[in-house]
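The numbers here are math on the coordinates, done by the rules we state, and not lab data. Values in this document were obtained by computation on a predicted structure and should not be read as measured data. Every residue, glycine among them, receives a Cβ derived from its backbone with ideal geometry; neighbour counts consider all protein chains shown.
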Ligand SMILES: Nc1ncnc2c1ncn2[C@@H]1O[C@H](COP(=O)(O)OP(=O)(O)OP(=O)(O)O)[C@@H](O)[C@H]1O
Ligand SMILES: [Mg+2]
């Protein structure tokens, strides 16, 4: 057998060390480097399907017949085996139909590799936002888009409100939404910041692609709370309905920033003009405008005014109505375009440490039943992103 198992433990907490052997959750498979090499044909470039801030991603065929997306973490990620497995254990316990499933990992020598379920229909940025309904053959009709929005909202609500520990994703964006063969959405990369050493801020390496999704209070002051994810979700929601990315420099200046455009149209009561023309008019205009308004609710400048993700699910599915709810101006990217490097800030109540655990003190969040101390590391905050604005 080419894969082996560390000894098992029943809870999803820290791997324990018994006779020098590490134990891992029974949800995690530990792959040998040799098997990963075989699965990817020795990391053949032909099998490379993407490259992100954490490293390269390969498609691979595992011995047990599974097709996997194999993420080779970059050299900067030199966490010790025990720390790495501790985080892997936590991530592997977090399962939901709208989250990408982690099959396991490889931790031999300096190698840190994650093995995920492979999703057949790629990421939203490479399909829908790349005009994919013509190129990839995938049809993003209105009901498909509505299902995608609701699925993402449910996955994020689960991470924020039900998972143990509750997790702030920190990098909600189109490239982190993958689609399975039925076009059901799966959020990827949740918990990944936990696998990075404290001095490595993932966001700083990918500012250009990520900036348009960043809530102003996170980008400017480093305040990372669930509300920052909700802002990013709002941007994504508007991208899905409009079929364009949040920033498109090829458009005339006044149309380049999706949020600015959306707010302008909202104020003129002409939001319907933002809906993707690629739908050829085949959509429920009332519903599409409702989705855009929910996007605007989520991106309001004041984090307090943004709804929780469980409320967003209810609003999207129509369980709750918008009832002419007042929407205030979004926090706009252009308002902080000229700002430069921010230092990480001290974690305050309700914000999260670098591991993205929610600090429960201001949210009345009950700590998970002994599996994790949600407030651990609160004093070594590194949640602030350090970058210079490059747009
Ligand atoms: N589980 C998966 N199934 C199918 N394709 C995947 C999977 N995970 C990643 N990919 C592909 O690999 C690409 C790169 O993913 P990766 O997460 O490394 O980078 P990213 O999402 O573009 O940026 P970031 O590192 O900021 O998340 C994705 O856009 C997607 O096309
Ligand atoms: Mg990603």
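Along the Cα-to-Cβ line of residue 143, 7 Å from the Cα, sits a label point; which residues in region 231-265 have backbone N less than 15 Å from it?
Zone members listed by number: none at all.
Suppose R0 equals 56 Å. What FRET efficiency, 1/(1 + (r/R0)^6) with r the Cβ-Cβ distance, do residue 287 and residue 42 give to the nearest 0.05?
Given R0 = 56 Å and the Cβ-Cβ separation, E is 0.70.
What spacing in nm lies between the two simple spin-label points modelled at residue 280 and residue 329, each 7 Å away from Cα in the Cβ direction?
So the two model labels end up 4.1 nm from each other.
Give the peptides 239-248, 164-173 in descending order of average Cβ contacts within 10 Å, highest first. Mind showing how you got there, number by number?
Details: 239-248: 21.7, 164-173: 24.5.
The peptides rank, most packed first, as 164-173, 239-248.
Using a Förster distance of 56 angstrom, determine the FRET efficiency expected from the C-beta separation of residue 81 and residue 251, and round it to 0.05.
0.70
Subtract the Cα-Cα distance of residue 66 and residue 264 from 0.36 nm times their separation in residues, and report this length gain in nm to one decimal. Kindly include the intermediate steps, with their values, before the conclusion.
Numbers: separation 198, 0.36 × 198 = 71.28 nm, distance 4.79 nm.
Computed gain between residue 66 and residue 264 is 66.5 nm.
Distance in nm between label sites at residue 272 and residue 162, each 7 Å beyond Cα in the beta-carbon direction?
Inter-label distance under the simple model: 3.6 nm.
Please list the three semi-axes, largest first and in whole Å, of the ellipsoid equivalent to region 145-304, using sqrt of 5 times the eigenvalues of its alpha carbon gyration tensor.
Working: eigenvalues 137, 69, 43 Å².
Over the Cα atoms of region 145-304, the ellipsoid semi-axes are 26, 19, 15 Å.
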